[in-house]
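Note sheet for the following structure.
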Amino acid sequence: MKMYFAFKNVLQKLIGASFSISIFFIFIFIYTGFNLFQIHELITTPWIWAVFFGYGLISSFIIDFIGKFLSSFTINKQIVLYILFGYLIFLATLSPIYLLIAGTIGAFFSLLFLFGKEKLKVTKWYSWAAFVVPLISIMMIPFDHTSKQGWDEVHGDNFVEVEYEYFNGEHLVPIHGVQGDQIYFEVDHQFRNGNSYGISVYDKNSENVGMNPRDDDDDVLSVHFEEEAVKYIVVRAIHGHDGQFRVNWWKEGEG
């Protein structure tokens, strides 16, 4: 019997976490105008899942433990504790003004966790709808949601030049280096309207790697190769229209 109640308690908390992250994702979906690329960037961010399903569940168990030492663990006392834990996660990392803003948002979603946990009972079929948005989000992760139209790409030995009618997402330009190489690069990106997300560098696993501005020119960046590898200069745009960009790269001493 104890095993059953413990399992049910975990399920209730999972429903609370799923309900809370569902509201968060739906808000972001609407805010981005259902831009699948931006949504994909969000749902592939590990800390988002860690906050809701890691910190959220751990906090809920801690709150339950605290409740055992209170004479009566009313819903009002739970609300206070959930609000407190919503702020607590930001306590050590933010200045007071950002703590107030981020903590208030954290407290709001913490209360959504509590609402989902208390009101969406495991025994009610409709409660399982809380898992729909997280599951759909997980199914989106393996797919590339970049959109390109009217794409004209020209390659050279040390440059790539692109003209496009529409670009939403990211384009990867591979560069090869051997151990000890310091490769410099610059990106000139222009478009009629839209929002550029700038540039970054990926390794072969699509993980961000470090890049540094050159001392005499902030527009020139560099990436260091600790071993022979292919890395990728990443150019991004959000709803870019009638644009073009050129990526140039060279080794140290050649520019």
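The values are calculated or read from the model by the stated rules, or taken from the named source; none is laboratory data. This structure is a prediction, so every number in the text was calculated from the model and none was measured. Don't worry about glycine lacking a Cβ; one is built from the backbone with ideal geometry, like all the others, and counts go over all protein chains shown. Heavy atoms of the whole protein, side chains included, go into the accessibility calculation; ligands, DNA and RNA do not. Shrake-Rupley method; radii C 1.70, N 1.55, O 1.52, S 1.80 Å.
One table, with the values for the structure above:
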| item | result |
| --- | --- |
| Distance violations [Cα-Cα > 19 Å] among Lys2/Lys124; Lys8/Lys117; Lys148/Lys231 | Lys2/Lys124; Lys148/Lys231 |
| Solvent accessible area, Å² - Asp242, 1.4 Å probe, full protein context | 80 |
| The chain: most fluctuating residue of Ile183, Ile58, Ile97 per GNM, C-alpha cutoff 10 Å | Ile97 |
| Sum of side-chain charges, Asp219 neighbourhood, beta-carbon under 13 Å (Lys, Arg +1; Asp, Glu -1) | -4 |
| Prolate/oblate/rounded label for the range 178-229 (Cα gyration tensor, a/c 1.5) | oblate |
| Heavy atoms of Ile66: accessible area, 1.4 Å probe, square angstrom to 10 | 60 |
| Average Cα contact separation per residue, the chain, under 8 Å, 6 or more apart, as relative contact order % | 20 |
| Accessible surface of the range 174-255 [probe 1.4 Å, protein heavy atoms]: carbon and sulfur percent | 39 |
| Interchain or long-range residues, amide H under 5 Å from Val220's placed H | Arg214 |
| Carbon/sulfur fraction of accessible area - the range 27-154, other protein chains in place, 1.4 Å, % | 75 |
| Under 14 Å, Cβ to Cβ, from Ile23 - net charge with Lys/Arg +1 and Asp/Glu -1 | +2 |
| 1.4 Å probe accessible area per residue over the range 96-255, in Å² | 59 |
| Solvent-accessible heavy-atom area per residue, rounded to whole Å², over the range 13-61 at 1.4 Å | 44 |
